[in-house]
Amino acid sequence: MKSSSEFGNIVLLNGAPRSGKSSICREVQRTLDGIWLNFGVDQMAAMIPDSVKPGIGLRPGGECPRLEPVVFSLYLSMYESIAAFSRRGFHVLVDVGHHEWYAEPMEIFSHCLSLLEGLPVYTVGVFCPLDEILHRREVTGYPARDQNGMVLPAVLRWQEAVHKGKTYDLTLDTSLLSPTECAEKIGEMLFQKK
């Protein structure tokens, strides 16, 4: 039987779209020791059929209740895979935006974390102020405002819902820290926890 020190680290980055999670993941993969796998919304979207998209990327607000049972199952399946890779010694980055704003309460975040019990899991809240999120969405071609210049309700809901009720091992503000600096902070956290 493996000791817990032989398991790969799991770093769960939770934040709104355009908060900088994917850039942080790339920097962690580039700069930290070991093999770091990247799981999350983008990878799941690439593997699921259009009929269930956006899958785990379903926005806060219960816009599509028929998909919510699928979203729940996709999340659990993804976290079971993450646990399997960690048990094989791979480090795993989890790039997600967990929220509980569904038509029916599902407590997805707590269910997912329970699947990782006994493994070295670190939760990271990736924060970014609304003004910076709006700027990033606009420069990358993602709508942020309606035709009257008002911020889209979905963007506002993400800002409010993604961190609600969660505590983290580490918080990062990507308006103040570069992806490289964020990766360094994650590295420091992992070193201190050893």
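The values are calculated or read from the model by the stated rules, or taken from the named source; none is laboratory data. As the structure is a computational prediction, the values presented were derived from the model and not from experiment. Heads up, the Cβs are rebuilt from the backbone with ideal geometry, glycines too, and the neighbour counts pull from every protein chain shown. We work out accessible area using only protein heavy atoms, side chains counted, and drop any ligands, DNA or RNA first. Shrake-Rupley method; radii C 1.70, N 1.55, O 1.52, S 1.80 Å.
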_Whichever residue in region 149-170 is open to solvent by less than 50 Å² (accessible area, probe 1.4 Å) and among the β-branched types (Val, Ile, Thr) and, among such residues, is farthest from Val11 (Cα to Cα)_ = Val151
*Give the residue, chosen from Gly61, Gly40, that is at pLDDT below 95, surrounded by 15 or more Cβ atoms within 10 Å (Cβ to Cβ) and over 27 Å from Leu190 (Cα atoms).*
Gly61
*Does Thr167 qualify as being among the β-branched types (Val, Ile, Thr), out of contact with any strand residue (DSSP E or B) (no Cβ under 7 Å at 6 or more places or on another chain), modelled with pLDDT of 95 or more and closer than 26 Å to Leu76 by Cβ?*
yes
*Could you identify the single residue in Ile108, Ile56 that is crowded, with 18+ Cβ neighbours inside 10 Å, at pLDDT below 90 and either farther than 22 Å from Leu156 by Cβ or of a type outside the set (Asp, Glu) (or both)?*
Ile56
_Those residues of region 58-72 which are in contact with a Lys or Arg (Cβ under 9 Å, 6 or more places away or on another chain) and in a helix (DSSP H, G or I), in sequence order_ = Leu67
*Filtered residue count, region 1-23, keeping only those that are out of contact with any Gly (no Cβ under 9 Å at 6 or more places or on another chain) and either buried (at least 21 other Cβ atoms within 10 Å of the Cβ) or among the aromatic types (Phe, Trp, Tyr) (or both)*: 5
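A quick yes/no check of all residues on (1) at pLDDT below 95; (2) under 28 Å from Pro179 (Cα atoms); (3) surrounded by 14 or more Cβ atoms within 10 Å (Cβ to Cβ); (4) in contact with a helix residue (DSSP H, G or I) (Cβ under 7 Å, 6 or more places away or on another chain):
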{"site": "Pro65", "(1), (2), (3), (4)": "yes, no, no, no"}
{"site": "Glu68", "(1), (2), (3), (4)": "yes, no, yes, no"}
{"site": "Phe85", "(1), (2), (3), (4)": "no, yes, yes, no"}
{"site": "Asp95", "(1), (2), (3), (4)": "no, yes, yes, yes"}
{"site": "Leu119", "(1), (2), (3), (4)": "no, yes, yes, yes"}
{"site": "Tyr122", "(1), (2), (3), (4)": "no, yes, yes, yes"}
{"site": "Phe127", "(1), (2), (3), (4)": "no, yes, yes, no"}
{"site": "Gln147", "(1), (2), (3), (4)": "yes, no, no, no"}
*Looking at (1) under 30 Å from Glu132 (Cα atoms); (2) exposed (fewer than 14 other Cβ atoms within 10 Å of the Cβ), can you tell me which one Ser51 breaks?*
(1)
*Quick one: Ser81 ticks every box in (1) buried (at least 18 other Cβ atoms within 10 Å of the Cβ); (2) outside any loop (DSSP other than H, G, I, E, B) bar one, so which box is it?*
(1)
